[in-house]
Amino acid sequence: DAKTTQPPSMDCAEGRAANLPCNHSTISGNEYVYWYRQIHSQGPQYIIHGLKNNETNEMASLIITEDRKSSTLILPHATLRDTAVYYCIVRVQETSGSRLTFGEGTQLTVNP
Amino acid sequence: DAGITQSPRYKITETGRQVTLMCHQTWSHSYMFWYRQDLGHGLRLIYYSAAADITDKGEVPDGYVVSRSKTENFPLTLESATRSQTSVYFCASSDWGQGALGELFFGEGSRLTVL
């Protein structure tokens, strides 16, 4: 599996940009990077995904380095409700299908 | 109602008992997944299924059995529950099989306690 490495925790001030890093140095050329978040004990919520190019949606931006060995999730204006565990995941393709393997994630705390 | 539903939401059982957690989705998604999440940790994949009658192991399949006779259902069975299987279990589905690349849709979770 293409493992991912994330810092266990980060803090961010409300209204500021939150930049969450992720290393995935063993990623293969056709494997996508996905980001999810989990608030309390709810089911994880999809944020964004990408392959090579930078991606943006209404929730966040995803910046993937040219060598694809790392990426950064950007929440442009963090709010208190963005406090959650953020997971960076590489989608693994196998003969039986594709799967997402979650790691431990980054606990983001947005402070007032 | 449309969506993905899990049952039961809460279950207490005893060591050695058989337990089945149900997962039902109404979108006709091809992919379905079972994850477990222990307190304070991330999700770990137990089993997944790319289509009806196709299942494969994830990271932690031991002690679990799945089946996928119908596209919309993906039950997870603990044949002989152990205390180490106390966890929150999440089911998810996705339309990856239809060519999409997007999100997994998660159920609300089933909290299982094994005494």
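See the values below:
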{"item": "Enumerated strands (runs of 3 or more DSSP E) restricted to region A:5-83, each holding at least 2 residues that are crowded, with 19+ Cβ neighbours inside 10 Å", "result": "A:18-23, A:33-38, A:45-50, A:61-64, A:70-75"}
{"item": "Per-region count, region B:23-47, residues closer than 22 Å to B:R83 by Cβ and either under 12 Å from the mean Cα position of the chain (by Cα) or part of a strand (DSSP E or B) (or both)", "result": "9"}
{"item": "B:G99 vs. criteria within 14 Å of chain A (Cβ to nearest Cβ), on the phi > 0 side of the Ramachandran plot and either modelled with pLDDT of 95 or more or under 14 Å from the mean Cα position of the chain (by Cα) (or both)", "result": "no"}
{"item": "Matching option when the condition is hydrophobic (A, V, I, L, M, F, W, C) and without any contact (Cβ under 8 Å) to a residue 24 or more places away in the chain, among A:I48, A:I63", "result": "A:I63"}
{"item": "Qualifying residues in region B:60-115 (those that are aliphatic (A, V, I, L, M) and part of a strand (DSSP E or B)) - the one surrounded by the fewest Cβ atoms within 10 Å (Cβ to Cβ)", "result": "B:V65"}
{"item": "Checking B:A50 against (1) under 12 Å from the mean Cα position of the chain (by Cα); (2) buried (at least 18 other Cβ atoms within 10 Å of the Cβ), the condition it does not meet", "result": "(1)"}
{"item": "Selection within region B:48-65 - hydrophobic (A, V, I, L, M, F, W, C) and more than 9 Å from chain A (Cβ to nearest Cβ)", "result": "B:A52, B:V60, B:V65"}
{"item": "Residue satisfying all of: in region A:84-112; surrounded by fewer than 17 Cβ atoms within 10 Å (Cβ to Cβ) and modelled with pLDDT of 90 or more; farthest from the other protein chains (Cβ to nearest Cβ) among these", "result": "A:P112"}
{"item": "Count - residues of region B:38-47 that are more than 9 Å from chain A (Cβ to nearest Cβ) and buried (at least 16 other Cβ atoms within 10 Å of the Cβ)", "result": "2"}
{"item": "Residue tally, condition modelled with pLDDT under 95, over 20 Å from A:C88 (Cβ atoms) and touching a Gly at 6+ places or on another chain (Cβ under 7 Å), over region B:32-53", "result": "2"}
{"item": "Number of the exception - B:R68 against (1) touching a residue at least 40 places away in the same chain (Cβ under 8 Å); (2) under 15 Å from B:L21 (Cα atoms)", "result": "(1)"}
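The values are calculated or read from the model by the stated rules, or taken from the named source; none is laboratory data. Being a predicted model, the structure only gives us computed values, none of them experimental. A quick note on method: Cβ atoms are made from the backbone with ideal geometry, for glycine too, and the neighbour counts reach across all protein chains shown.
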